[in-house]
């Protein structure tokens with residue numbers, strides 16, 4: 001009877017009263033429930049609303065996993081407290097968003113030990129934003145990236161923020177890259193793209209989809225088929241390491257200038273979100289105008305699965321994580337390890353076999369390694 005006490009006896013039953021502590025907790029969580037009931041429906045609309053029309057939506061979407069978990073916890077609390085109307089409201093909102101959960105989290109039903117056998121027809125592709133070959137401490141990471149490529153032995157490599165100057169200074173990277181063909185994208189010999197596609201397969205043709213080399217592509221002769229690989233690096237959020245430390249390290253709590261700093265962060269998110277949306281409109285339109293059937297779309301989208309950018313880019317494609325990933329996937333180092341912003345997408349005629357995100361310290365992003373195979377045409 002420490003939290004609740006019986007206050008009177010009426011009609012053969014005891015009527016229980018709440019202690020002041022429980023009354024305060026219920027009131028606080030009721031307000032949180034009301035707030036979630038208002039925010040979650042708006043968040044579910046984020047992928048369908050262009051950021052130029054409602055810039056705050058993409059910012060809210062960054063917290064979708066946390067909001068969803070909070071709603072589940074509150075629903076359980078209200079069930080235990082026997083407040084079924086409040087619990088029912090949250091369960092309804094959770095059910096509406098249930099089909100989005102596999103984009104963030106997939107349950108692990110069992111751990112597989114040892115090396116999986118995928119067969120000779122499996123193709124491994126690696127997508128990695130290498131941050132111009134600078135690690136989080138500012139040192140060169142080109143040798144580490146070369147070692148990663150050597151250990152994973154991918155058949156296709158899509159690098160974003162490629163730095164040709166540092167790459168040429170590394171003997172180890174030169175030794176690794178000799179095993180691959182490099183796409184030129186129709187650029188002059190003295191110009192190198194910040195997005196790079198390397199392939200063990202013959203490169204039939206290649207080109208630039210969106211200047212200034214934000215999106216490039218290459219046709220690869222994989223067996224008797226041709227697969228068009230797109231490598232994208234969409235407009236950055238312009239969120240710096242100092243911004244990440246300011247938020248995740250709770251430095252804002254005692255900062256009298258926090259309003260100005262938060263306004264600066266929100267302003268950059270807004271401006272760059274609008275530019276990213278314009279980029280993806282151009283890229284997605286051009287991709288769908290191309291006759292090539294078998295497609296792989298890789299890259300750093302700088303947006304979460306609950307975004308306008310992701311919806312436009314993934315339309316008609318399969319997400320490697322949603323197909324064969326496990327657990328909670330994040331590809332960006334920082335912001336509480338919540339953000340998956342790097343992707344490998346594939347057309348339905350390619351079957352995803354495996355998904356892996358090695359947690360290495362070579363960049364502010366993690367690499368994404370995926371295996372796939374080409375499905376036979378249906379007659």
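Values in this text are rule-based calculations from the coordinates and carry no lab data. Small disclaimer: the values here were computed from a predicted structure and weren't measured. Positions of Cβ are generated from backbone atoms using ideal geometry, with glycine treated the same way; all protein chains shown enter the neighbour counts.
Once the mean 1/r over all distinct Cα pairs of region 76-181 is inverted, what Kirkwood radius in angstroms do you read off?
18.3
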* To do: Determine, for 86, 202, 184, the number of other Cβ atoms within 10 Å of each Cβ, and report the residues in order from fewest to most.
  => 202, 184, 86
* To do: Calculate the spin-label point distance for residue 359 paired with residue 59, positioning each point 7 Å from the Cα along the beta-carbon direction, and give it in nanometres.
  => 3.1
* **Distance in nm between pseudo-label sites at residue 96 and residue 175 (7 Å out along the Cβ direction from Cα)** => 5.8
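Provide the packing ranking of 168-178, 118-128, i.e. peptides ordered by the mean count of other C-beta atoms within 10 Å per residue, highest first.
Values: 168-178: 14.7, 118-128: 18.2.
The densest-packed peptide leads the list: 118-128, 168-178.
In nm, what is the difference between 0.36 nm times the number of residues separating residue 79 and residue 281 and their Cα-Cα distance? Kindly include the intermediate steps, with their values, before the conclusion.
Working: separation 202, 0.36 × 202 = 72.72 nm, distance 4.39 nm.
The residue 79-residue 281 span can extend by a further 68.3 nm.
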* Asked: How big is the Kirkwood radius of region 123-374, worked out from every pair of different alpha carbons and given in Å to one decimal?
  -> 18.7
* Would you mind ranking 216, 64, 357, 39 so that the residue whose beta carbon has the fewest other beta carbons within 10 Å leads the list? => 39, 357, 64, 216
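With a Förster radius of 51 Å, plug the Cβ-Cβ distance of residue 69 and residue 224 into 1/(1 + (r/R0)^6) and report the FRET value to the nearest 0.05. Before the final figure, lay out each step's value.
Details: r = 47 Å, r/R0 = 0.91.
Once rounded, the FRET efficiency stands at 0.65.
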* **Point-to-point label distance, residue 31-residue 151, nm (Cα→Cβ direction, 7 Å offset)** => 4.9
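Using the count of nearby Cβ atoms within 10 Å as a rough guide to exposure, how do 100, 295 rank from fewest to most?
Values: 100 17, 295 21.
Lowest count first: 100, 295.
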